[in-house]
Every structure is written in C-alpha cells, then in structure tokens.
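The structure appears below as structure tokens.
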C-alpha cells in the first residue's frame, strides 16, 4: 500500500473478477456502513460492465449498414445484462431486502441505460452506414453522464484510465484518481483485479471512493494494442497496449 493510501481514514481492498463481481456479503442490516458502501459500488460497476459487454458483443449488428430496427433496445440490453449480473452477484440488480440507497442508485443506472439506448436508436438503426461509433466506451460514458444527471448529488460513476491512455477529455482522472492509479494500480506488485477504496473528497465533497481496475483483453487490442500509433477504426492512434495490462478504471464515488 502506498503512503497516500495509508493516510485515509479507511482503506478496504477486495479482489474482484474481471467480468463479474460476486462478493459473499450478507443482508444489508448485518453489514457495516463501509461494507454496504463497497457492496453498492461494486454492484454499480458490475451492472455497468454487464451492459457494456452487451454493446461489445453486438458491434457487428450495430455496424450492419442494412439498417432497420435491430431490436437493440434498452430493455433488451438490460435483460441480457441482468443475466450476467445475476451470475456474477447471485441476485438481480433489484431484489427484496435490498439497501434503500443501493436500490435507488441501481434503479437510476438502469433508467440511464434505457434512456441512452432509446436516444441512440437512430444511430444504431441507420441505413447505409457501417461503423456507427456507438462503441462500449461511448455507451458507458453516456450512461454515466445520464446517471449523474439523475443522482449526481448521491453518487458518480466514471470510466477513466491512466492519463496517458485517456482519449476523451471528459474521462480524465482527477488528482486523487491519478495518484492512486500511478502509485498503486499500475504497480507490478498490485494484485490483478484488486479494488482500491478509501475515504477521499471529490469536488470538495467527502465521499467513499472506489477504483476498480480493468485490463486489456484480446478484444480490446484491436483498438488499443499494437502497433502503437496506428489509427484504429474509431480514428484514434493505438496505445500499444498488451494483454492484461491496466487499460482502464471504473471510479465510483458515494457522497457522504
């Protein structure tokens, strides 16, 4: 653990799977406040990942120039994403006995997913256009922006990365995120998939903040791999990333 991490009030480290995040956590009433915060944050990350995977697995359909209604609605995305979420977490996103704030935040995230998909039907179904630009990273950013509009006074979710890997300025890590990424998450001795969590301010407001590392998989390297500098299908130069290197971070802040 870096010195920066040790100065926070509390630091919690959990190991999470790269795709799903199943945690052996009991009923909300039996959890400490920190446990509930961690559980809620990881579930927000898990649902976002699950929905983003649906977009990734449907890129061929999205980019089909034939056009017409492709059936890739918000309800469809959530139906498929919920199956993956259930397999990872043992429950559906909303369930009986759930912590009230967790239910409210996950409901907002599901609403954001539905609204983003509805707003982009014209792009997804556009005839005569191949590559639509509606890629997983764009989908996640739009969902997180809408989530912030709905419940930004309670929580913020952002997909960021080491500063040198960020393509969209809106996704740049803030000072705290940058410090933890550089001091901990990219360190050779940082266990793969381990989450960093701490009490730290965000935009001047006290928050419980969690960073979930994400690593390049085979499917990522087509755009983010080698040769470094070559222009990928989205129009950006490739970063020269390698399999299993840190490629991104899901940052969740739950405000106090």
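Is segment 10-21 home to any residue that is modelled with pLDDT of 50 or more, surrounded by fewer than 20 Cβ atoms within 10 Å (Cβ to Cβ), touching a helix residue (DSSP H, G or I) at 6+ places or on another chain (Cβ under 7 Å) and not in a strand (DSSP E or B)? Explain how you work it out, then say what you get.
Our first condition is that a residue be modelled with pLDDT of 50 or more; within segment 10-21, this holds for none.
Checking segment 10-21: not a single residue is modelled with pLDDT of 50 or more, surrounded by fewer than 20 Cβ atoms within 10 Å (Cβ to Cβ), touching a helix residue (DSSP H, G or I) at 6+ places or on another chain (Cβ under 7 Å) and not in a strand (DSSP E or B).
If you take just the helices (runs of 4 or more DSSP H) that sit entirely in segment 29-125, which of them hold at least 1 residues that are modelled with pLDDT of 95 or more and over 29 Å from residue 221 (Cβ atoms)?
Values: elements: 33-57, 59-62, 74-89, 100-119, 121-124.
Fully inside segment 29-125 and qualifying: 33-57, 74-89, 100-119, 121-124.
Screening residue 155 against (1) more than 27 Å from residue 106 (Cα to Cα); (2) under 17 Å from the mean Cα position of the chain (by Cα) leaves a single unmet condition, (1). Exactly one residue out of 109, 127, 98 is touching a residue at least 60 places away in the same chain (Cβ under 8 Å) and farther than 29 Å from residue 232 by Cβ, and it is 98.
The values are calculated or read from the model by the stated rules, or taken from the named source; none is laboratory data. Nothing here was measured: the structure is a model prediction, and the numbers come from that model. All Cβ positions, glycine included, derive from the backbone under ideal geometry; neighbour counts span all protein chains shown.
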